[in-house]
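Asks: Quick one: this structure, given as structure tokens, is what I'll be asking you about.
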């Protein structure tokens, strides 16, 4: 797509003539980043993931002793063996980025840019990083002045439910209701797994609203309403909601935090397990791995989540922390976008470390000089001592 745009000289001229103030893009697919630098415009990233993984790792120091890598399944409190795995996983990620992902974009850059650079450097040169997370959710880690955290920017107060859903949840009485959704990317799940889920739901006193697009399971109970779509945010904000069975996607997790609803996570792929690790570590939910999934384990995990009030208490604490900030995340994001527009960029917030050669960034040259000075000093000292000893003889 980037090649098509840049090869179209008339389109490129139109883009230049429009005199845009900035480009706002998601760098997970870096076409927008390349186009922005080609047009020489300020760049604002709507980001959590970049071409090589989680965005922080390309931007800020990320000590592997307490910053877990995505996919590692670790928290910020790692034992020795976990730290070893973290380092090895980082080596694999570097190899993948350097020899698998990076060259594709770097070839485009070499073709269309009149100066030498690479895709990671173009990302690091962005003016503002609007990071789709916050430190209510994320583990503490180093960051940079041009990173603005807007976790939960899409969250909002719930609206009244459609009449049929409102009637259904009101009929739940004091038991309340549960919702389940595995996201928009999952069209269906295996029939035996669907039957296990339906059977576990049927054994509960709560009502259940389940977004399920596959064949209707044979074990569905009278307490379960299967739908093709549901107003998830509005259901999570309802006073009778008790739990959220989810795959662990970022948006759903952030909405659960916003509304204070504990999560039973069934992660499927990508970042979902890492998202849920952060919730479980804070005592606001549980994870049920697919490898451990059965009718019994699913029902048992649900009963623990519903029966142990600490999960709800901890999630409501996260909700309170998330809401306790000077402005809403979306308002903060809008402010910084307009800030870049007013000031034609935000270069004063951006570190220029990415322009340094690797040996300068890691102070290898400084260490070599210091080592040389020490070595010369030691050599001279030893030589003087030997000369004095020989003189005494």
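Asks: Here are some conditions: (1) in contact (Cβ under 8 Å) with a residue 24 or more places away in the chain; (2) within 20 Å of the chain's Cα centre (by Cα); (3) part of a helix (DSSP H, G or I). Residue 280 meets all but one. Which one does it not meet?
Replies: Among (1) in contact (Cβ under 8 Å) with a residue 24 or more places away in the chain; (2) within 20 Å of the chain's Cα centre (by Cα); (3) part of a helix (DSSP H, G or I), residue 280 violates only (1).
Asks: Within region 149-165, does at least one residue satisfy the condition of being under 16 Å from the mean Cα position of the chain (by Cα) and over 18 Å from residue 259 (Cα atoms)?
Replies: For region 149-165, residues under 16 Å from the mean Cα position of the chain (by Cα) and over 18 Å from residue 259 (Cα atoms): present.
Asks: If you check 59, 24, 35, which single one turns out to be in contact with a strand residue (DSSP E or B) (Cβ under 8 Å, 6 or more places away or on another chain), modelled with pLDDT of 90 or more and surrounded by fewer than 18 Cβ atoms within 10 Å (Cβ to Cβ)? Write out each step before concluding.
Replies: Values: 59 fails: surrounded by fewer than 18 Cβ atoms within 10 Å (Cβ to Cβ); 35 fails: surrounded by fewer than 18 Cβ atoms within 10 Å (Cβ to Cβ).
Selected residue: 24, the only one of 59, 24, 35 that is in contact with a strand residue (DSSP E or B) (Cβ under 8 Å, 6 or more places away or on another chain), modelled with pLDDT of 90 or more and surrounded by fewer than 18 Cβ atoms within 10 Å (Cβ to Cβ).
Asks: To continue, here is another question. Scan region 366-389 for residues that are loosely packed, with under 10 Cβ neighbours inside 10 Å and modelled with pLDDT of 95 or more and report the count.
Replies: 0
Asks: Would a scan of region 89-96 turn up a residue that is within 22 Å of the chain's Cα centre (by Cα) and not in a helix (DSSP H, G or I)?
Replies: No: zero hits.
This table checks each residue for (1) closer than 22 Å to residue 151 by Cα; (2) surrounded by 17 or more Cβ atoms within 10 Å (Cβ to Cβ); (3) in contact (Cβ under 8 Å) with a residue 12 or more places away in the chain.
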| residue | (1), (2), (3) |
| --- | --- |
| 7 | no, no, no |
| 40 | no, no, no |
| 55 | yes, yes, yes |
| 78 | no, yes, yes |
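Asks: If you check 118, 110, 134, 114, which single one turns out to be buried (at least 18 other Cβ atoms within 10 Å of the Cβ), outside the structural domain of residue 238 (by TED's automatic domain parsing) and more than 30 Å from residue 299 (Cβ to Cβ)?
Replies: 134
Asks: Right, something else. Only one of these conditions is not met by residue 315: (1) at pLDDT 95 or above; (2) closer than 30 Å to residue 44 by Cβ. Which number is it?
Replies: (2)
Asks: Sticking with this structure for a sec: Out of curiosity, is residue 291 surrounded by fewer than 22 Cβ atoms within 10 Å (Cβ to Cβ), assigned to a helix (DSSP H, G or I), free of Cβ contacts under 8 Å to residues at least 60 places away in the same chain and over 17 Å from the mean Cα position of the chain (by Cα)?
Replies: Values: surrounded by fewer than 22 Cβ atoms within 10 Å (Cβ to Cβ): yes; assigned to a helix (DSSP H, G or I): yes; free of Cβ contacts under 8 Å to residues at least 60 places away in the same chain: yes; over 17 Å from the mean Cα position of the chain (by Cα): yes.
Yes; evaluated as a whole, the condition is true for this residue.
Asks: So, one more: Can residue 256 be described as in contact (Cβ under 8 Å) with a residue 60 or more places away in the chain and surrounded by 23 or more Cβ atoms within 10 Å (Cβ to Cβ)?
Replies: no
Asks: Hey, can you tell me all the residues within region 175-209 that are in contact with a strand residue (DSSP E or B) (Cβ under 8 Å, 6 or more places away or on another chain), buried (at least 18 other Cβ atoms within 10 Å of the Cβ) and part of a helix (DSSP H, G or I)?
Replies: 197, 198, 201
Asks: Ok, one more. All but one of (1) within 21 Å of residue 255 (Cβ to Cβ); (2) touching a residue at least 12 places away in the same chain (Cβ under 8 Å); (3) not in a helix (DSSP H, G or I) hold for residue 330; which doesn't?
Replies: (3)
The values are calculated or read from the model by the stated rules, or taken from the named source; none is laboratory data. Since this is a predicted model, take the numbers as computed values, not measurements. Glycine gets a Cβ as well: all are built from the backbone with ideal geometry, and neighbour counts include every protein chain shown.
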